[in-house]
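S.K.: Before I ask anything, let me first share the structure, which is written out below as structure tokens.
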Amino acid sequence: MVWKTANRTAMAGHVTLTTVGYGDIVPKTTAGRLCGVAIMITGVAVLGVLAGSLASLFNVEPTSGAEEADPAAAAADTERSVPAELAMLQTQLREVERRLGQLADVISVRRGEAD
């Protein structure tokens, strides 16, 4: 589709880029089109702020400059923490297995009472 003026072309571009669609009711004046573009940009900005706020809930902290400067030290820290974390996970797994065993015993006793 070819638009006759730069205003119509700019409006169609903004409508397309902001994915609001081109509905039955569209602004006809330059002022209306500028207001429409401002509203579209504001909508995208609000969604960007919401996405940023949601991302901040994950508490992902950027690496500090010291770690970037010395990748060997960062790798050594990671290697030391992996065995400790593995040991902690193994301990937690044993505890879960123990509790599952207790739960299985309780279930078998209750099934025996029901018979």
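S.K.: Hey, does the stretch 33-48 have a residue that's of a type in the set (D, E, K, R) and either at pLDDT 75 or above or surrounded by 11 or more Cβ atoms within 10 Å (Cβ to Cβ) (or both)? Spell out how you get there, then give the answer.
M.R.: First, the residues of the stretch 33-48 that are of a type in the set (D, E, K, R): 33.
Imposing the further condition that a residue be either at pLDDT 75 or above or surrounded by 11 or more Cβ atoms within 10 Å (Cβ to Cβ) (or both) reduces the set to 33.
Within the stretch 33-48 (the criterion being of a type in the set (D, E, K, R) and either at pLDDT 75 or above or surrounded by 11 or more Cβ atoms within 10 Å (Cβ to Cβ) (or both)), the answer is yes, since at least one residue qualifies.
S.K.: May I ask you to list pairs of residues, at least six apart or on different chains, whose Cβ atoms are under 6 Å apart, with the first in the stretch 18-37 being within 17 Å of Ala6 (Cα to Cα) and the second being in a loop (DSSP other than H, G, I, E, B) and at pLDDT 70 or above?
M.R.: Arg33/Pro27; Gly36/Pro27
The values are calculated or read from the model by the stated rules, or taken from the named source; none is laboratory data. Values in this document were obtained by computation on a predicted structure and should not be read as measured data. Virtual Cβ from ideal backbone geometry, glycine too; neighbours counted across all protein chains shown.
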